[in-house]
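> Shown below is the structure under consideration.
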2 protein chains.
Amino acid sequence: MSLKTASRVVNNERYVRTVLREQVAGAVQKLGYRSNDLARHLVLQTTRTIGLVIADISNPFYGACALGVMRVARRHGYTVVLNASDEGVHAERDYVALLVQQRVAGLLLVPAPGDHTYLTTEISRGLRIVALDRPLQGLENDCAIVENEPGAFAATDHLIQHGRRRIAFLGGSESIFTYAMRLEGYRRAMAAAGAAEMINLVNPTVEGALADTRRLLTGRHRPDAILCVNNRVTVGALTALVQMGVTIPDELALVGFDDFELADVFHPPLTMVRQPAIALGMNAATLLIDRIEGRETGAPRTIVLPVELMIRDSCGSHDDFRSPGVA
Amino acid sequence: MSLKTASRVVNNERYVRTVLREQVAGAVQKLGYRSNDLARHLVLQTTRTIGLVIADISNPFYGACALGVMRVARRHGYTVVLNASDEGVHAERDYVALLVQQRVAGLLLVPAPGDHTYLTTEISRGLRIVALDRPLQGLENDCAIVENEPGAFAATDHLIQHGRRRIAFLGGSESIFTYAMRLEGYRRAMAAAGAAEMINLVNPTVEGALADTRRLLTGRHRPDAILCVNNRVTVGALTALVQMGVTIPDELALVGFDDFELADVFHPPLTMVRQPAIALGMNAATLLIDRIEGRETGAPRTIVLPVELMIRDSCGSHDDFRSPGVA
DNA sequence: ATGAAAGCGCTAACAC
DNA sequence: GTGTTAGCGCTTTCAT
């Protein structure tokens, strides 16, 4: 029997006599033969692998995104290779180069802050990319993001409705899209209320937020509320507040962008802007695979997923809602 | 110039005139040439990819493990492909088959409960595997785990020292190694104290633990403490307790296996058994890569990492410590 | 220091 | 239905 016949059986093609088919299947079983995807994809000139480059897999938000991506990838028979850029363009670039060498079918990328023009070369060469959580700066490209500005506006406005005016924004560098958008939402709400902005750009990590919250509350311009830009900052701020014995919401109200587990059973339950992280990953992956398989062909698309303000108790009691706040 | 010369330049080999070298480098730059790892690894008969199969990437414990794995992989120039088995042997098996076809250099596996004899074939065929978090049932194989039994013993004993006697074990099926070991630790401590076991085997998810905790506290044999077998169960139990208005530790003390963020600023701060999740991932990955690269050759190794009881306030005040507990 | 030839394991195209 | 041939992009071996 020829090599080709065996190949046909393995690939489940037609035109093989049942006798031969069983014979091959038997041999495969006995020898424990496994077809070599390297060789297979080399000749096929395509793989069923997608690269996922995120900042930090230990951040539950990205963990949830990854989960969504993997769900979709699996459903379509794709494998995902994971890389953590740690928010550095340099590492990101290295990974992209590596993934290109591995001839991934497409790329899902949470762009690190910085210049992404290097991607135009890759894109023009046919690499499919879908940006996840943040668009690619300066590139018209597919991306899946959430309603950052409206979410931050709603959160800030909620604080204002509860009579707060000295609302501090605790956020990361504006060089990161999500933080910049959330800052805009905050600003719009503050402007609408005629309140003075209190913008604090910190290192958006647990440690950074912890230190800054402590500084903020011991400083001369003490806020009566804070808006935390992501889950890292919320955790850091919360830690500082509890350590300092600041009561929430009496002394200080708090809203966080990006909800997390236990927020609803915290003391007090924490009001949060919920992001559909799993859906974000799923949408991005679906779009990417649609591009790869030619189902989606038009101009670059931007998928914007809604967020939801989960109103709990960290912004004040229901009593003071819409009451004439005293600053 | 021949193909080979270009190859030499790309691979940074010796014996190429500087002129040619620069010429090739220029062409690579201009054409945007990327060597094809598929072809490269096909002839090299080896890849620099390791497969990571875990149950659920959205569980922060596994997220942290993955982080550790990726750190080490990166340092050694390996790429990691990620798969989520969702605790099913069937899915796990499919993934392993896929990864074998992709000719991964090795496998990091959090074994799903069930029969793993199918791996003996793969192993005898040369596949390197290191089990992560749980050993492979019935196989002598490398693995990296934590001190499950001692950790659970220490946690239970801590509860006993605080005068608790009706300590409920809230855990998952014994078919999963970690749960079985933790149950043993609990039993040993209970036996040493002459206390009656209160074993509850639940679906070790947030929802499962939530329902069971509620049932437990409304039943006739109400415990005065609970030991939660993993972070999912702790979250579920906590949610139930807060919803029911049960005060911790007065009405019920609580210890959880697997510490998490915010546990120290919870109300009350939660006493937890901390697992070195990142280190676990790093150790497993290091061992795997050492096997792959032949630095490690002896008999299968079992790496056991210590855990740490983070004593906070959920088991009672310091006053009742070692006091003659009244059951 | 450079090149020619062979082959890694597979599949597409076409002949039989 | 089945087999033959060519070639995917690379590296190794050996000649020059």
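The values are calculated or read from the model by the stated rules, or taken from the named source; none is laboratory data. Predicted, not measured: the structure shown is a model, and the values here were computed from it. Here Cβ is always computed from backbone atoms with ideal geometry, including for glycine, and neighbour counts include all displayed protein chains.
> Quick test for you: out of A:Gly163, A:Gly114, A:Gly126, A:Gly151, pick the one residue that is more than 12 Å from A:Leu52 (Cα to Cα), surrounded by fewer than 22 Cβ atoms within 10 Å (Cβ to Cβ), of a type in the set (Gly, Ala, Ser) and under 20 Å from the mean Cα position of the chain (by Cα).
A:Gly114
> Output the residue which, of all residues in the range A:19-43 that are within 8 Å of DNA strand D (Cβ to nearest atom) and at pLDDT below 95, is surrounded by the fewest Cβ atoms within 10 Å (Cβ to Cβ).
A:Val19
> Select from the range A:51-80 the residues that are in contact with a strand residue (DSSP E or B) (Cβ under 8 Å, 6 or more places away or on another chain), β-branched (Val, Ile, Thr) and more than 10 Å from chain B (Cβ to nearest Cβ) and write down the one among them that is nearest to DNA strand C (Cβ to nearest atom).
Per the criteria, the residue is A:Val53.
> With the condition being over 24 Å from B:Arg40 (Cα atoms), I'd like the helices (runs of 4 or more DSSP H) fully within the range A:1-84 carrying at least 1 qualifying residues.
A:3-10, A:18-31, A:60-75
> Mind listing whichever residues of the range B:234-249 are touching a residue at least 40 places away in the same chain (Cβ under 8 Å) and out of contact with any Gly (no Cβ under 7 Å at 6 or more places or on another chain)?
The answer is B:Ala237, B:Ile248.
> How many residues does the range A:8-20 hold that are away from chain B (no Cβ under 14 Å) and within 9 Å of DNA strand C (Cβ to nearest atom)?
Going through the range A:8-20 one residue at a time, the tally reaches 3.
> For the range A:276-301, which positions are in a loop (DSSP other than H, G, I, E, B) and either of a type in the set (Gly, Ala, Ser) or under 18 Å from the mean Cα position of the chain (by Cα) (or both)?
Answer for the range A:276-301, where residues must be in a loop (DSSP other than H, G, I, E, B) and either of a type in the set (Gly, Ala, Ser) or under 18 Å from the mean Cα position of the chain (by Cα) (or both): A:Pro276, A:Gly294, A:Gly298, A:Ala299, A:Arg301.
> Let me ask something else about it. So for the range B:27-36 (the condition being within 9 Å of DNA strand C (Cβ to nearest atom) and over 21 Å from the mean Cα position of the chain (by Cα)), does at least one residue qualify?
no
> Is at least one residue of the range A:46-57 surrounded by fewer than 17 Cβ atoms within 10 Å (Cβ to Cβ), under 22 Å from A:Arg128 (Cα atoms), within 9 Å of DNA strand D (Cβ to nearest atom) and within 39 Å of the chain's Cα centre (by Cα)?
The answer is no; no qualifying residue exists.
> Moving to a separate point now. Could we say that B:Leu280 is within 11 Å of chain A (Cβ to nearest Cβ) and within 17 Å of B:Phe61 (Cβ to Cβ) here?
No, not satisfied.
> Next question. When you go through A:Gly208, A:Gly281 one by one, which is the residue that is modelled with pLDDT of 95 or more, within 28 Å of A:Ala55 (Cα to Cα) and in contact with a Cys (Cβ under 8 Å, 6 or more places away or on another chain)?
Of A:Gly208, A:Gly281, the one residue that is modelled with pLDDT of 95 or more, within 28 Å of A:Ala55 (Cα to Cα) and in contact with a Cys (Cβ under 8 Å, 6 or more places away or on another chain) is A:Gly281.
> Being farther than 15 Å from A:Leu109 by Cα and within 16 Å of DNA strand D (Cβ to nearest atom), is that true of even one residue in the range A:66-83?
no
> Right, another one. Which of the residues belonging to the range B:238-268 are more than 10 Å from chain A (Cβ to nearest Cβ) and either more than 23 Å from B:Pro306 (Cβ to Cβ) or surrounded by fewer than 22 Cβ atoms within 10 Å (Cβ to Cβ) (or both)?
Selection gives B:Met244, B:Gly245, B:Val246, B:Thr247, B:Ile248, B:Pro249, B:Asp250, B:Glu251, B:Leu252, B:Ala253.
> Mind counting the residues in the range B:35-50 that are touching a residue at least 40 places away in the same chain (Cβ under 8 Å) and facing chain A (nearest Cβ under 8 Å)?
3
> Still on this structure, please answer the following. Between a first residue in the range B:3-19 that is closer than 11 Å to B:Ser35 by Cα and a second residue that is near DNA strand D (Cβ under 8 Å from one of its atoms), which pairs have beta carbons less than 7 Å apart while being 6 or more apart in sequence or on different chains?
B:Val10/B:Ser35
> Here is a list: B:Val242, B:Val273. Which entry is modelled with pLDDT of 95 or more, outside any helix (DSSP H, G or I) and in contact with a helix residue (DSSP H, G or I) (Cβ under 6 Å, 6 or more places away or on another chain)?
B:Val273
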